[in-house]
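Read-outs: derived from the displayed coordinates by stated rules, not from any lab. Please read these numbers as outputs of a predicted model, since none were measured by experiment. Neighbour counts run over all protein chains shown; Cβ positions are idealised from the backbone, glycine included.
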Amino acid sequence: MPLLRSQGKSRIRCLQFTGRQYGRLARMLGLVGDESDGSALRSMAAALGGEVMKGKRGPFVLCPGPGHSKKDRSLSVTLSATDPDGFVCFSYTTDTWQDCRDHIRTRIGGRSSEYRETAKRQAKRQNATTNNSAGAVRLWGEGVDPRGTLAQRYLNEQRRLDLPDDIAGRVLRFHGACPWGSERRPCMLTAFRLIADDRLVAVHRTALTDRGEKIDRMMLGPVAGAAIKIDDNTDVEQGLTIGEGFETCLAARGLGFRPVWALGSAGPIGTFPVLASIEALTILRESDKKGTNAAAAQACARRWIAAGREAIVVNPPQGDMNDLMKP
């Protein structure tokens, strides 16, 4: 089976590997729903034939687009406190925004005011925990070199990943008593920096046990238009690799996919902007039951191709790139 396949006349290229081929390459190179305000979201999901999903910026509905099959999940709908209809939507296909909005309006009926009020409550809660860029900068400043800490132990033992010296302190830090709800826990910190000007705006926290095992994850600060830049801007010239999680992208970097940035979730992959100096974009695809990542990867690839660039989608045999490191 060839490592590189062309998909018809499209300029999207997919790297499709078997497990054995991935092992050879490695040797050569050495969403559940949110229960908060769940009633409004569940009713919307039921009306649209979809499910409530938990995203980095709050819960949303993933459902079939207009005229699509019941199994399709190409349309995402998020409640909005300011939109007259009480929602905003995004299609991962070529459906027009007008068709999508008309489709949603028809299905949900006259519940706009209810959805707006729900969105206001969600925004109030989210602002208290995630929309705190100053807090993120302060927390990052308290972090220390992760080498020799629980953060490195987590990467080495739980994720089978090395901690490169060039990202220690710049991309990743360790906080021994990080704020975590009403508690404090040891956390691995990764920095989200704006794509446009490299300013640090958010910190991703991974809470750890005293054995370096992951407890959970939590964001602090707004991540729209930002990325965990595992490779610095100065290393990004004509090509770039993007993916969801930090560990996924760090694993890919170890297999030769670099420079690489982690965007945190599927949504930002779907909307990742065409950057002026980048001629080719590689997108790390992940397997998920709903196909959210795959849809986002294809949407991103189509947009880059429409702008006259090259897009490559990398498909692991299962899971994500980090799963290749696990025994």
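The table below gives the values:
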item	result
Computed magnitude of the charge dipole of segment 38-129 (debye, nearest 20; Cβ of K, R +1, Cβ of D, E -1)	460 debye
Ordering of 288-294, 87-93 by packing [mean C-beta count within 10 Å, highest first]	87-93, 288-294
Likely footprinting exposure, V223, V203, fewest C-beta neighbours within 10 Å first	V223, V203
R184-A47 pseudo-label distance in nm [points 7 Å out on the Cα-to-Cβ vector]	4.7 nm
Cβ-based charge dipole, segment 38-129, positive-most Cα from T118, I104, S76	T118
C-alpha center-to-center spacing [segment 51-70, segment 91-109] in angstrom	12 Å
Between segment 166-220 and segment 241-260, the Cα center-to-center distance that results, in Å	18 Å
Exceeding the 28 Å Cα-Cα cut-off - candidates K120/K229; K54/K120; K70/K229; K120/K289; K71/K120; K214/K290	K120/K229; K70/K229; K120/K289; K71/K120
With 10 Å bins from 0: P(r) over segment 38-129, alpha-carbon pairs, percent	17, 54, 25, 3
Among beta bridges that DSSP assigns inside segment 195-327, antiparallel share in %, nearest 5	40 percent
For segment 130-228: rounded, prolate or oblate by the Cα gyration tensor [a/c cutoff 1.5]	oblate
Loop GluC sites (Glu not before Pro), segment 243-327, which have at most 13 other Cβ atoms in a 10 Å radius of their Cβ (DSSP)	E279
